[in-house]
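Heads up, the thing below is written out as structure tokens.
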Amino acid sequence: MKKLFLLLVAAMTIVGCATSEERAARQAEHMEKVKAAVDGQQYKINMREMIPLRSSSIHLSGMNYLKVNGNEVSTDLPYLGRDDVPHFKTRGELKFDSRILIRTQMEGYNLTLIPKEKAGLITFSARNGSENCNFNIRIYSDGQVKVILRPEKRDEVAYEGYIEPSK
């Protein structure tokens, strides 16, 4: 009985090692694809969580994304914050609950590697109608992403998600 138990533990250890090695190889292969996609500006970031400036984090479901295709950026993201443009019937601040829909050219695309954090930082801006939006995208080595979006006339909002190469 004791020998059978030891044999079972040894078999599970061997299977567990092979599985973790395979998982690490798959993750390394995926990150090489992501690195190539970021270098070629062909990627999509799927958002799982929104963190408004004046509220607690909100779990997202559905299609909430930021997509970079060459020199073009497109977004379909929820927004919860304040609009700081003075309005005729209000005193300036207006609670704003809507979506950020952008489909335009990027300006000032810059990729910086941060070896200490095992991350990359992408910054650029895009004009959405009359409003300029600044993007700050931090991509970690495990594929997790944090996006900080700073609209010119509204509160900033952060998103968390994961990156994948565009198809």
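The values are calculated or read from the model by the stated rules, or taken from the named source; none is laboratory data. This is a predicted model, so every value here is computed, not measured. Every residue, glycine as well, gets a Cβ built from its backbone with ideal geometry; the counts of neighbours run over all protein chains shown. These accessible areas exclude ligands, DNA and RNA; they are computed on the full protein's heavy atoms, side chains included. Shrake-Rupley method; radii C 1.70, N 1.55, O 1.52, S 1.80 Å.
Observations on the structure shown:
- Across the cross-link table entries 116/153; 116/167; 33/118; 118/153, which are compared at the Cα atoms, the separations over 27 Å belong to 116/153; 116/167; 118/153.
- In terms of the mean number of neighbouring beta-carbon atoms within 10 Å, the peptides 127-133, 64-70, 111-117 order highest first as 64-70, 127-133, 111-117.
- Residue 56/residue 101 FRET efficiency (R0 35 Å; Cβ-Cβ; nearest 0.05): 0.90
- Distant-in-sequence amide H partners of residue 131 (H built 1.01 Å from N, under 5 Å): none
- Of all accessible heavy-atom area on region 93-167, the percent that carbon and sulfur account for (1.4 Å): 48 percent
- Length gained on full extension, residue 110 to residue 39: 24.5 nm, using 0.36 nm per residue less the C-alpha separation.
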